[in-house]
Each structure stands twice: as C-alpha cells, then as structure tokens.
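S.K.: What follows is a structure written as structure tokens; I'll ask about it next.
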Amino acid sequence: MTFRPRRMKFGIFLAPFHRPDDNPTLAMDRDLELIEALDHLGYDEAWIGEHHSAGWEMIADPVPFMAVAADRTRTIRLGSGVMSLPYHHPLMVADRFIQLDHMTRGRAMLGVGPGALTSDAHMMGIDAVTQRRRMDESLTAILALFEGKEPVNMETDWFTLNDARLQLAPYSDPYPTLAVANVLSPAGATSAGKHGAGILSIGASLPGGLVSLKETWGWAEKAAAEAGRTVDRGEWRLVQAMHLAESREEAFADVEAGRIHELHNYWQPVLARPVPDDPKEESAQHAVDTGGVIIGTPQDAIDAIERMIELSGGMGGVMLLAHEWANREKTLKSFELWARYVAPHFQNQLQVRQDSADWVAGNQKTIFAQRPDAQAKAFDDAGVEMPATLAEMQKIARGRGRV
C-alpha cells in the first residue's frame, strides 16, 4: 500500500550553488533572504550544506548560518544538509546542535553524511574509503549522547569518548530530528535504518535516481529490523531540482542558460561529471524526461510528485534543490507558485474548500430561500422602498429557481 502523509513537508536543500565570480557576501545574503521568503510562504524546512572546497558550495559551517536564519524567521525548521561527520568530533557536533535546539526553540534538525566532496577529505588527510564507516561510528556516538541514558565511552581509530555526556538536555522531545543523506549506494539508507533516523535522498535529483527509490527504502527497512529499530516514511525526504512558471515555455526559457552554465563550469570541469556524447542529453528537457528535475507549470509539478510517490511507495517530503538558474525575480516567483498551487494539493488544504463550495452550489434553493424576504423586511423596517433593480433581480432569481 502506497504511503501518503496527511500533510507532506516541502522545503529547500540549499547546498548552495553560487558561481565563483559572484560576490560571496552578497550570495550568502541572498540565501538568507530566500529562507526568509520561504518562511513567509509557509515552507516547512530548509537544509543548509557544509563544504570546504571547489568554490561553488561555499557554506563551510551550517550552524551559524542556521542561527542567523532562525533569528530572521518564524516557523520554518532549519537543518544541516548535511554535517559531514568524519570532519568533526562527535561530542562537538552533539553539543552544538543541542545548543541550537534550544536557541531555535526546537526548529533545528541534524542532517548528517560522510562528506560529499573527496577534495574536502583530501585536505584533511582523511582516506575517502573510510568516510562512510566514520560517519556511522560518529552517528552511533551522537545518538547515545542525545539519548543521555548513561555516560558514553567509545574509542575508534579517529576519536575517543571518555565518560562523555552533554551538559544540556535536548529542547526537542526526545531530541532534534535526525536525517542521513543518501545518494545512490546503500550506505546512507542502511545507516538511517540502523539508527532509526530519517533519510535525505539527495540522489533523487540525479539522472535515473528516482527509479532506485523503492530499493533505497528496502535497505533502510532491512537495517532497521536488524537493529531492532523502526523507520518512518514520513521522515523520508526526496531532494529534487525545480523551476515553475505560468507556462512550460516560459519555465524552460527561464532556466536553460543558467543550467548549462552550471553544468559546464562546475559539474563537468570541477566535479568530473562525464560529458555526454549527445549534447541533447544536457538539455533541460532531457533532465525532465529522466526525472532529474521538475520544470514547467504547477500542474507539471503535481504530476511529477505523484510519480515520485508511485516510484518510491510514498515519502514524507520533497526538498527543492536551491539554484540560481533563473534571475532573482523569476526564482522567487517559482517558489511562490509552488507554495500557492502545489503544496496545498499534498497538504489536504483544498478539498474542504471545494466541498464547501459544492455544498452551497448544490443547495441554493434551501440556503437562499429566505434571502428575498430578509431583504424586503430590511427595507420595510427602514421605511424605504426597495430599489426597482433589486426587486427585478429577485424576480429573475425566483423564475430561475435559485431561491
């Protein structure tokens, strides 16, 4: 049976992506302004990345960024998307996020991963082969610290905990939301299942990433069963790139140049994504056809999410991959269209209104039968003759059987 939450969560996954010739101070200001705008539009979450090399994804520490964003917003929840655990001592991660949990009144979320860029690990002398193991070891320690059942003693080849404990109890009950990044391999989903955490399926935005979703959930469930834990589809978030406009033609025109610039200046030359033999495989239309991006109208987005639900078996949220393919005005308009016409479709906000309109329309004779008499009495009580135009309108309404 396909899972459908009563209220699906929507938000952004803010890596972020900013071209290196752009003023970095202004770029971070725009990111904060975007989160403020999304908070106003009713988006649920924003996940902020951690990267230390390659120039484009330039937020080194999501924690201070989240703290500033929390001070500027009201309800949107803020998560690390993601904290690269092999780069940090687990006590420091746990301590800082519990503090942030208090400072945001429970709006902070801890998203974790092994580290997306091997160039980051290289600079720190970390063998990339060990990163996934280290992430799982660190998450084991962090969860034990969050739960606070007893002092934590743990020794690995890269960190030690001696009688470790937190000096603050979590603000959230029982502790901040946890989510593990998953790309295409079983590692992220398996770790999420082992620790009973949510999943951030970043790989859903990659070409062909959607077709492996059921397999991803199977890995999480298997690991959870083996560990004696459970996983909740409501805490499974799929990351997907998106741009909407009033028409498909406008949406594609908005983003084509920006997409190609990012592809040719970051993904291919810097991160070594293969250059396809056929240039058509780089087009926005090809990305839409292969499920790597949503470009079009709000109805196109609704159809795409329905397909994601079908392919995955059901998930709890969709996080939109933040980008600057279009100009600022068109980007904000895209997020507004999503908030107005896509989100309410999956958050049970429309049917009640439609049912109310249908009920009134279907019961006009009963509901409005006394309206002419009430209007006539109001004029009589005031000692004023009813205007001829109103009397004629009542006569026409009676003739048509509307009252």
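S.K.: Pick from Gly49, Gly362, Gly313: which residue has the top mean-square fluctuation in a GNM of the chain where Cα pairs under 10 Å get a spring?
M.R.: Comparing Gly49, Gly362, Gly313 in a Gaussian network model of the chain, the most mobile one is Gly362.
S.K.: So if the hydrodynamic radius of segment 353-399 is defined as the Kirkwood radius over C-alpha pairs, what does Stokes-Einstein give as its diffusion coefficient at 25 °C and 0.890 mPa s, in µm² per second?
M.R.: Estimated diffusion coefficient is 202 µm²/s.
S.K.: If Lys and Arg each add +1 and Asp and Glu each add -1, what is the summed charge of the other residues whose beta carbon sits under 11 Å from the beta carbon of Trp158?
M.R.: It works out to a net charge of -2.
S.K.: Sticking with this structure for a sec: For segment 111-123, in order, what is each residue's ³J(HN,Hα) by Karplus, 6.51 cos²θ - 1.76 cosθ + 1.60 with θ = phi - 60°, in whole Hz (x at glycine and Pro)?
M.R.: Taking θ as phi minus 60°, the curve returns x, 10, x, x, x, 7, 9, 5, 5, 5, 4, 4, 5 Hz for segment 111-123.
S.K.: Mind checking segment 84-139 for trypsin sites (Lys or Arg not before Pro) that DSSP puts in a loop (not H, G, I, E or B) and that have at most 13 other Cβ atoms within 10 Å?
M.R.: Those that pass, being in a loop and sparsely packed, are Arg105.
S.K.: Which residues in segment 164-201 have a backbone N closer than 14 Å to a point placed 7 Å from the Cα of Thr230 along the Cα-to-Cβ line?
M.R.: The answer is 196-197.
S.K.: Measure nothing but the geometry: give the 0 to 90° angle between the long axis through the Cα atoms of 248-262 and the longest principal axis through the Cα atoms of the chain, rounded to 10°.
M.R.: It works out to around 20 degrees.
S.K.: Counting other beta carbons within 10 Å of each residue's own, what order do Phe97, Phe335, Phe159 fall into, fewest first? Walk me through the intermediate numbers first.
M.R.: Numbers: Phe97 27, Phe335 21, Phe159 17.
By the 10 Å Cβ count, ascending: Phe159, Phe335, Phe97.
S.K.: Could you tell me how far the Cα centroid of segment 42-121 sits from the Cα centroid of segment 348-369, in Å?
M.R.: 46 Å
S.K.: Based on the alpha-carbon gyration tensor of segment 14-82, what equivalent-ellipsoid semi-axes (square roots of 5 times the eigenvalues) come out, in whole Å, largest first?
M.R.: 20, 13, 9
S.K.: Given that just one value was derived from the coordinates, which of [x] 63, 49, 36; [y] 93, 56, 44; [z] 97, 54, 41 is Cα extents along the principal axes in Å?
M.R.: [y]
S.K.: Here is a follow-up. Strictly over 32 Å apart at the Cα level, which of Lys9/Lys222; Lys280/Lys330; Lys194/Lys280; Lys149/Lys222 would you flag in this model?
M.R.: In this structure, Lys194/Lys280 exceed 32 Å between Cα atoms.
S.K.: Now, a different point. Only Cα pairs within less than 10 Å get springs; with that Gaussian network setup on the chain, which residue of Met308, Met109, Met124 has the largest fluctuation?
M.R.: Per the Cα network of the chain with a 10 Å cutoff, Met124 tops the list.
S.K.: If one computes the Cα centroid of segment 126-142 and of segment 284-322, what distance in Å separates the two points?
M.R.: 31 Å
S.K.: List the GluC sites (Glu not before Pro) in segment 333-403 that DSSP assigns to loop (not H, G, I, E or B) and whose Cβ has at most 13 other Cβ atoms within 10 Å. Which are they?
M.R.: Loop-located and lightly packed - Glu385.
S.K.: Return the calculated 222 nm mean residue ellipticity for the chain, to the nearest 500 deg cm²/dmol, obtained by summing -39500 (n - 2.57) across DSSP H runs with n ≥ 4 and dividing by the residue count.
M.R.: After summing the helix terms and dividing by residue count, I get -13500 deg cm²/dmol.
S.K.: Of the candidates Asn265, Asn182, Asn23, which one comes out as most mobile in a Gaussian network treatment of the chain with C-alpha springs shorter than 10 Å?
M.R.: Residue with maximal mean-square fluctuation among Asn265, Asn182, Asn23: Asn23.
S.K.: Let me ask you something else. Give the relative contact order (percent, whole number) for the chain; include only Cα pairs under 8 Å separated by 6+ residues.
M.R.: 17 percent
All of the numbers you see were taken from the coordinates with simple rules; none came from a lab. This is a predicted model, so every value here is computed, not measured. Neighbour counts run over all protein chains shown; Cβ positions are idealised from the backbone, glycine included.
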